[in-house]
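Structure record follows, encoded as structure tokens.
The values are calculated or read from the model by the stated rules, or taken from the named source; none is laboratory data. Note that the structure is predicted; figures quoted are calculated from it, not measured. Don't worry about glycine lacking a Cβ; one is built from the backbone with ideal geometry, like all the others, and counts go over all protein chains shown.
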Amino acid sequence: MADEDTHHSVTDLSYGVSLYHFFQDKYFSAISDLIVAKHYRRLDTQDKNPELLLGGMYLSYGLPQKSSEIFNELLDQKDNNASASVRDRALYHLGKNYYQAGLMSKAEQSLIKITDTLNDQHEAERLYMLANIYLSNNRLDESLNLLNLIPGGTTWEDYIKFNTGTGLIKAERKDEGTSLLEGMGSNDSYNYEKKILKDKANIALAYTALNSQEYQKANVYFERVRLNGSQTDDALLGLGWAWYSQGAIEKALASWFELSKQRQSSPAKHEALIAIPYAFEKINNHDQALHEYDKAIDNYKQDIKELNHLIQSIQSGRFIEQLNPGTLGTESSLPASILKNIDPITNKYLSELFTSHKFHQSLQNYQELSYLFYTLNHWRNNLPALEIILNEKRKAYNSKLKQGVQRPKINRARQLHSQRNTLALHVQKLSKNEQTMELVSDKEREKLSMLVKARKTIKKIHNQEDLQEENDKIRLLNGLMHWDITTSYARRLWDTQKNLNELDHAIKKMNTSIKSLSNTWQQAPTRFGGFHQKIKDKKTRINQLKSRMYAALKEQEQSLSKMALNTAIEYSNRLKMYHDRALFAKARIYDSLTSPDKGSTQ
Amino acid sequence: MRHFISRLLIINIFVIFSLFSTTSLLAESSKTTTKNINQTIQNLKNEVLELNRDLFILEEDLLFSANTQVNVFLSMDSGKLFKLDSVQLKIDDKLVSNYLYTDREIRALHRGGVQRLYIGNLTAGEHEITALFIGVGPNQRDYKRGATQKIEKTDEALYIELKIIDNTSKEQPEFDVKVWE
């Protein structure tokens, strides 16, 4: 299938047109191009690239079954002289299909059959999928071994290391897992993805150390996480707990205060808001503890209020309005470009949802359905125009039939053809038997005729006058003309044959046009009838699909709304819990302060 | 204080666990619902793809029958010597297409995609095709170049490719018209 940044030299125009749309992520158009080209047999059947592309595009477009059918067919072809490269690519895509569908056993069977013709990126991705398959079946050592096979320089290696490392830790092979993650956690890179993975590796190492009560180690790992990354909040929260566990309350407070200043809301930030006053309680600074509890309560109240507005906005449909693409008929808006336009409050509380695979998938489905709905409307609006054109063509045909335009023209062409044949026969005779007078021009014939007349006249009046001189002149002129005609016979014949060739060329062109016209003329009645019925059928089909499409769109809107609503409610409940805890903690402090018998809060 | 931390963590774990438990039950039923929705969407996509194909074929057969059909395509080389902005296409001195390119489309052309610039009808016989390419040439200067070709239309569909090629030895772009057999 077409690789990311390489230039593909195209030897097939229809395949190239499909690539043009594919490279713009317009999978619907690209697939349509190829299947229409297949109908018209415009693709080179020897070249397997279009099939591979089609199979891959079906997968990218969310049609894994269709995709698998194509790849299975490619692999099953008995007369398949497909190169190892084609087979490997087919197996790779088939394996990926199964993997994405969660059919791990089938995915493994396909992926392990691949030889060594994949490019580095695809080979690395193949190993990544295999690693995850092994990890899902607790085959940790096999996953580890894959790291020896992976081509260097790809990000897939880091993903395998991360997944295998965390898998080993979960399986209580802590030292091996830690060693794997350590390498990632201390590796500096300019690559954006690698930086994120580095942070995640350090977070995983830090929380592992925290759980094992290795607080100083946890500190080291937390402090490696970037202060402006996606893991910053978790790192600051965890660092605070690590310091707290070591009794270093001021240091814990420093981390949590830093976290509380982060602009974006997050669960970690909300937890820090209540951990801060709790830490002040621990060092018996009740005034500060009460003050911070009040701040936390205010913060929670404000956020709960915003969440209530967000919940109302989702329930009223305003959230879905924001997800509609800006322009109708835009085939390939990436989910990320739509989410950029979401209002800040919604983004504040739902950003984690927006980064989830499930939401992305649903949003992409929604966009694709919207585009399909637009396409159906486009065809529904265009079909009447096709009907009009068909009717006009039919009228024109019937009118010409009535006038009998066709027949006279064909008859005339036949006459010309017949005349040509007669001429050609005559020229053939002349080339075999020299007949000089046949190639005389009209002017020459006229002059000769004049000379004959003159001679006759002279003969008549010869007795009355002496016309010997005139007679001699006429004889001379006659002689000259005949001499010229005789000696130039070969040239005249050649000119005649050349003219005949040119005539043949013109007649050939005429025949081509007549043939084309005749074909069209003969096929017209059948085609007209066929087209009418087809247009009628398609109209019905469009209407049926439109109503189903509309229902699916509504269902998808509900699904997206539900995901957003559940997330918002869950968030709100969590904040209410923190709010109540803060109130309870305040009451407890007041209680301990006002009752001398109860002593300290410890 | 340790009691409090423990209680805090336990409560958090309890909340998370209880959410997880209910979520698991919900997750199962929502998985089924999601699966149904996904299958519905897949079915719809398949059906619309088939219908779309049939409609394109119907349109082409009705409007552009094979014996009069002419197609003009555009392809590009790597684009290092010429940044294409737009193309004008004339057939027998009549403007039939005037296309302005987006960056995305240019990138697709650079990678080897081929654009179908024009589809129309021509009578059999001789015709003239002229393309005018407008963009930015070497040394970042405005660039306008034309290419003209006489073509012979038979009763078969005609395919013409406009090619923009980087001639690295001359450090200039070249514009070619190729008629496909």
Practice prompt. Out of the residues in the stretch A:248-285 that are charged (D, E, K, R) and over 19 Å from A:His579 (Cα atoms), state the one that is farthest from the chain's Cα centre (by Cα).
Written response: A:Lys282
Fill in: Pick from the stretch A:521-537, criterion at pLDDT 85 or above and not aliphatic (A, V, I, L, M), ranking: farthest from A:Arg394 (Cα to Cα)
A:Asp537
Worksheet item: Only one of (1) surrounded by 13 or more Cβ atoms within 10 Å (Cβ to Cβ); (2) without any contact (Cβ under 8 Å) to a residue 12 or more places away in the chain fails for A:Ala296. Which number is that?
Response: (2)
Worksheet item: So which of A:Ser488, A:Ser559, A:Ser513 is among the polar types (S, T, N, Q) and closer than 30 Å to A:Ser356 by Cβ?
Response: A:Ser559
Worksheet item: What residue, of A:Glu387, A:Glu368, A:Glu392, is within 14 Å of chain B (Cβ to nearest Cβ), part of a helix (DSSP H, G or I) and surrounded by fewer than 12 Cβ atoms within 10 Å (Cβ to Cβ)?
Response: A:Glu392
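If only one of A:Ile133, A:Ile112 is crowded, with 16+ Cβ neighbours inside 10 Å and either touching a helix residue (DSSP H, G or I) at 6+ places or on another chain (Cβ under 9 Å) or free of Cβ contacts under 8 Å to residues at least 60 places away in the same chain (or both), which one is it?
Step by step, each of A:Ile133, A:Ile112 is checked, and only A:Ile133 is crowded, with 16+ Cβ neighbours inside 10 Å and either touching a helix residue (DSSP H, G or I) at 6+ places or on another chain (Cβ under 9 Å) or free of Cβ contacts under 8 Å to residues at least 60 places away in the same chain (or both).
Mind checking which residues of the stretch B:159-178 are away from every other protein chain (no Cβ under 12 Å) and either closer than 19 Å to B:Asp92 by Cβ or β-branched (Val, Ile, Thr) (or both)? Write out each step before concluding.
Taking the stretch B:159-178 as the starting set, the residues that turn out to be away from every other protein chain (no Cβ under 12 Å) are B:164, B:167-177.
Of everything in the stretch B:159-178, those that are away from every other protein chain (no Cβ under 12 Å) and either closer than 19 Å to B:Asp92 by Cβ or β-branched (Val, Ile, Thr) (or both) turn out to be B:Ile164, B:Thr168, B:Val177.
Test A:Asn543 against the stated conditions and say whether it is within 9 Å of chain B (Cβ to nearest Cβ) and either on the phi < 0 side of the Ramachandran plot or modelled with pLDDT of 95 or more (or both).
no
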Worksheet item: Is it fair to say A:Leu290 is buried (at least 17 other Cβ atoms within 10 Å of the Cβ) and farther than 23 Å from A:Ala585 by Cα?
Response: no
Worksheet item: Limited to the stretch A:527-580, what total is found for residues that are in contact (Cβ under 8 Å) with a residue 24 or more places away in the chain, surrounded by fewer than 18 Cβ atoms within 10 Å (Cβ to Cβ) and not aliphatic (A, V, I, L, M)?
Response: 8
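Looking only at residues in the stretch B:144-181 that are among the small types (Gly, Ala, Ser) and without any contact (Cβ under 8 Å) to a residue 40 or more places away in the chain, which one is farthest from B:Ser65 (Cα to Cα)? Full working, then the answer.
At the first step, the residues of the stretch B:144-181 found to be among the small types (Gly, Ala, Ser) are B:146-147, B:157, B:169.
Right, trim to without any contact (Cβ under 8 Å) to a residue 40 or more places away in the chain and you get B:146-147, B:169.
Working: B:Gly146: 29, B:Ala147: 27, B:Ser169: 43 Å.
Here the answer is B:Ser169.
Kindly provide the set of residues from the stretch B:114-163 that are part of a loop (DSSP other than H, G, I, E, B) and modelled with pLDDT of 95 or more, ordered by number.
Step one: of the stretch B:114-163, the residues part of a loop (DSSP other than H, G, I, E, B) are B:114, B:122-124, B:137, B:141, B:154-157.
Scanning the stretch B:114-163 gives a single hit, B:Val114.
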Worksheet item: Right, B:Val48: surrounded by 17 or more Cβ atoms within 10 Å (Cβ to Cβ), assigned to a strand (DSSP E or B), within 14 Å of chain A (Cβ to nearest Cβ) and of a type in the set (A, V, I, L, M, F, W, C) or not?
Response: no
Worksheet item: Within the bounds of the stretch A:156-168, is there any residue that is part of a loop (DSSP other than H, G, I, E, B) and not basic (Lys, Arg)?
Response: no
Fill in: Residue satisfying condition, being in contact (Cβ under 8 Å) with a residue 12 or more places away in the chain and surrounded by fewer than 18 Cβ atoms within 10 Å (Cβ to Cβ), within set A:Phe319, A:Phe257, A:Phe280
A:Phe257
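Quickly run through the stretch A:546-579 and pick out the residues that are among the polar types (S, T, N, Q), under 23 Å from A:Pro335 (Cβ atoms) and within 11 Å of chain B (Cβ to nearest Cβ).
A:Gln556, A:Gln558, A:Ser559, A:Asn566
I'm trying to understand the selection: among the residues of the stretch B:97-144, which are charged (D, E, K, R) and within 11 Å of chain A (Cβ to nearest Cβ)? Spell out how you get there, then give the answer.
Our first condition is that a residue be charged (D, E, K, R); within the stretch B:97-144, this holds for B:103-105, B:107, B:111, B:116, B:126, B:128, B:141-142, B:144.
Passing the criteria: B:Asp103, B:Arg104, B:Glu105, B:Arg107, B:Arg111, B:Arg116, B:Glu126.
Inside the stretch A:396-508, counting only helices (runs of 4 or more DSSP H) that do not spill past its ends, which hold 2 or more residues that are closer than 30 Å to A:Ser518 by Cβ and at pLDDT below 90? Show your work before the answer.
Values: elements: A:406-432, A:442-461, A:468-487.
Passing ranges, in order: A:406-432.
I need the helices (runs of 4 or more DSSP H) fully contained in the stretch A:208-299, keeping only those with at least 3 residues that are among the small types (Gly, Ala, Ser). So that I can check it myself, show each step before the final result.
Details: elements: A:215-222, A:232-245, A:249-260, A:267-282.
Hits in the stretch A:208-299: A:232-245, A:249-260, A:267-282.
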